[in-house]
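Just so it is clear, none of the values below were taken in a lab; they were calculated from the coordinates. It should be emphasised that the depicted structure is a prediction, and the values quoted were computed from it without experimental measurement.
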Amino acid sequence: MTTSDAAVSKEKLAQDMKIVISDAEELLRATASQAGEKVSAAREKIQDSLRHAKVKLAEVEDVLLDKGKQAAHATDEYVHDHPWRAVGIAAGVGLIVGMLISRR
C-alpha cells in the first residue's frame, strides 16, 4: 500500500465515521421517547461510543490535515529547488493528457 493509498483509506474511513455518527445520532433522536431501563442503558452506551468516535474522528482529520500540509510543503520546496524539472514534468503531463483527450 502506497502513502497515497493510505491517505485515501484514511479519508474514506473519516467519511464513513461521519456517516455512522450521523446515523447513530438520528437513531438516538428517534428513540428519545422510548422508556425502559434497557433502552436507557443502551442509549447511554451509544452516547458514550459516539463521544469516543467523534474524538477519534477529530484525531484522524487532524492527521490527514497535517499530512496534506506536509505534502504541499514538500512539493513547494521541490518546485523551488528544481523549477525547470517541475516545468518539464508539468509539460509532459499536459502533453500526455492532451494526447489522451485528442484520441477520443
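Strictly over 18 Å apart at the Cα level, which of 10/56; 18/56; 18/38 would you flag in this model? Please list the in-between numbers first.
Details: 10/56 12 Å; 18/56 11 Å; 18/38 26 Å.
Over 18 Å apart, Cα to Cα: 18/38.
Across every pair of non-identical alpha carbons in the range 46-104, the mean reciprocal distance, once inverted, gives a Kirkwood radius of 15.0 Å.
Computed with the Debye formula from one identical point scatterer per Cα of the chain, without solvent, the log10 of I(q)/I(0) at q = 0.14, 0.15, 0.21 Å⁻¹ comes to -0.77, -0.82, -1.08.
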